[in-house]
Every structure is written in C-alpha cells, then in structure tokens.
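One structure below.
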Amino acid sequence: MPSVLAYHRPQTLDDVSELSRRPNTRLIGGGTVVVPDARAAGADGVEIIDLQALGLDVIEPASGDRLTLGAMVRLGVLAADGRVPELLRDLARRELPSALRNQATVGGTVGLGAADSVLVAGLLVHAAEVDIHGAGTVPLEGLLAAGAPTGVITAVRVECSGAGSIAATGRTPADDPIVAAIARKGPAGVRVALTGVAPAPIEVDPADPIASLAPPGDVRGSAAYRLHLAETLTRRAVQEVSP
C-alpha cells in the first residue's frame with residue numbers, strides 16, 4: 001500500500017483545520033521531516049496537507065519593535081533578509097545544510113522544537129510569540145513546554161533590538177553543537193537559551209544557567225559534561241554581549 005494516501009492543498013486555514021481532523025493526516029511546510037516520515041509510514045499510510053497556498057511566507061513589521069515571520073518563510077530566506085536581527089540570520093544559517101535551509105520553514109522548525117535547534121533557542125531570547133490558528137498567540141517557551149502544537153502555526157513574532165551572541169561546542173565545526181548557549185542583551189536585560197540540555201531548547205537564568213537542569217547523556221556527551229558546557233558557554237555568550 002502506498003505510504004501517501006492523499007495530497008491536499010487547501011486555500012484557507014479553516015480548510016486546513018477541517019482536513020487535519022481526519023486520522024493519519026500530516027501538515028507539510030518544507031517537507032524535511034514529514035516526507036521521510038511518510039515514506040516510512042508502513043501499511044497505515046498518511047494524508048498530506050500542504051500549506052503552500054496560504055500566503056504564510058511573508059516577513060513584515062509588527063507593532064513596536066517586533067517583526068512578523070510567516071510560518072512558511074524558508075530558513076534560507078530568513079538568513080538573507082536584512083530586516084531580521086543579525087543573531088537570527090546567523091542561527092538560521094547554522095540550523096541545517098544549505099539545501100535543506102531552502103526547504104525548511106520557520107513554522108516547521110518551531111513546531112518540531114528539536115533539542116539541538118539553535119534557531120529555536122535564538123527565537124526564545126528574542127522574546128518570540130507564536131500565532132496559532134484558532135488558539136491565538138502564545139509565548140514560544142509555553143509552546144515548547146506543552147509539546148507539539150495542537151493547531152496550525154501561522155506566524156512567529158520576535159523583538160528586533162539588542163545585541164546577540166552564540167557560544168557552542170561540537171565534535172567538529174560541521175556537527176550540530178552538543179550544547180550551545182545563545183545570548184541577547186535587549187531592553188529587558190540579558191536573556192540566555194541553551195540547546196542540548198532538555199527535550200527542547202530552554203531559557204535559563206544567565207547568573208545560574210544549570211539550576212534545575214537534568215540533561216540526558218548520550219554518545220556525544222554525558223550529563224555531567226553537558227552541564228559543564230552549559231555553564232561555561234553561557235558565561236562566554238553573556239560576556240560577549242555585556243563587555
């Protein structure tokens with residue numbers, strides 16, 4: 001039996017909501033995760049709901065110091081748009097290999113909330129808020145704590161001001177970091193988020209970054225090593241934005 005049973009390209013968000021109530025449906029933005037998963041779906045198969053026709057691929061100013069990143073904005077576009085804060089452009093370039101950056105989307109990256117996503121960590125320190133169709137706007141940290149979103153992510157809004165930095169350690173420069181610390185000094189002071197120490201990137205106290213952390217250990221690093229990296233890298237990142 002084919003792994004993809006049906007392909008839908010709805011024209012409205014209400015149509016997406018209706019289609020997504022069907023069993024075995026998957027939303028697709030860039031397809032970097034859903035397509036491989038669909039190929040391995042087995043006998044049950046999946047129905048694909050493609051979000052490309054919804055006009056969610058726009059970057060535009062929001063109120064005050066905020067910028068709206070449409071959920072379907074590709075990471076390659078994010079990395080090249082001069083209106084986007086420099087830290088987020090840098091992190092978008094680090095997130096995936098270049099070919100995948102031209103497929104992967106902002107909304108998909110946020111919805112996945114991978115533990116080693118430096119871009120999601122950067123969005124956290126830029127005070128990101130996430131627009132979800134039918135559910136309003138929620139802080140990114142709350143969405144990550146709750147797990148996968150129950151609605152369709154339509155946009156991510158971020159603060160633009162401030163200076164940012166990243167400190168990371170990986171096995172090689174080309175590898176995803178074992179742990180990364182992303183810092184931003186903005187109007188509210190210094191904010192820090194870490195990757196590699198929790199199921200999703202997490203914001204921490206810059207003065208005590210390892211409080212209450214219980215990172216997993218794996219072949220890339222033990223829990224104790226990850227705690228050591230979290231403390232050391234946070235200090236470096238904070239020093240860079242607070243000379």
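The values are calculated or read from the model by the stated rules, or taken from the named source; none is laboratory data. Remember, predicted model here, so these are calculated numbers, not experimental data. Cβ placement follows ideal geometry from the backbone for every residue including glycine, while neighbour counts extend to all protein chains displayed. We work out accessible area using only protein heavy atoms, side chains counted, and drop any ligands, DNA or RNA first. Shrake-Rupley method; radii C 1.70, N 1.55, O 1.52, S 1.80 Å.
For this structure, a couple of remarks:
- Semi-axes of the equivalent ellipsoid of region 204-243 are 21, 11, 5 Å, computed as sqrt(5λ) over the eigenvalues of the C-alpha gyration tensor in descending order.
- Nearest-ten-degree value, helix 86-95 long axis tilted from longest Cα axis of the chain: 60 degrees
- The P(r) of region 57-181 has a tail past 24 Å containing 21 percent of all C-alpha pairs.
- Fraction of beta bridges assigned by DSSP in the chain that are antiparallel (%, nearest 5): 80 percent
- Rounded to the nearest 10 degrees, the angle from helix 223-241 to the longest Cα principal axis of the chain is 80 degrees.
- Gyration tensor analysis over the Cα atoms of region 167-243 returns equivalent ellipsoid semi-axes of 21, 14, 10 Å (largest first, whole Å).
- Region 42-91 - percent relative contact order, Cα under 8 Å, separation 6 or more: 24 percent
- Put Arg184, Arg22, Arg220 in order of accessible area, highest first, and with a 1.4 Å probe you get Arg22, Arg220, Arg184.
- For region 114-167, the solvent-accessible area with a 1.4 angstrom probe is 33 square angstrom per residue.
- For region 121-212: span of alpha carbons on each principal axis (Å, largest first): 41, 29, 28
- Solvent-accessible area assigned to carbon and sulfur over region 33-190 amounts to 51 percent, based on a 1.4 Å probe.
- Charged side chains reduced to their Cβ positions (Lys and Arg at +1, Asp and Glu at -1) give the chain a dipole of some 440 debye around its Cα centre.
- Rh by Kirkwood over Cα pairs, then Stokes-Einstein D for the chain at 1.002 mPa s and 20 °C, µm²/s: 116 µm²/s
- The percentage of C-alpha pairs in region 117-166 whose separation is greater than 13 Å is 57%.
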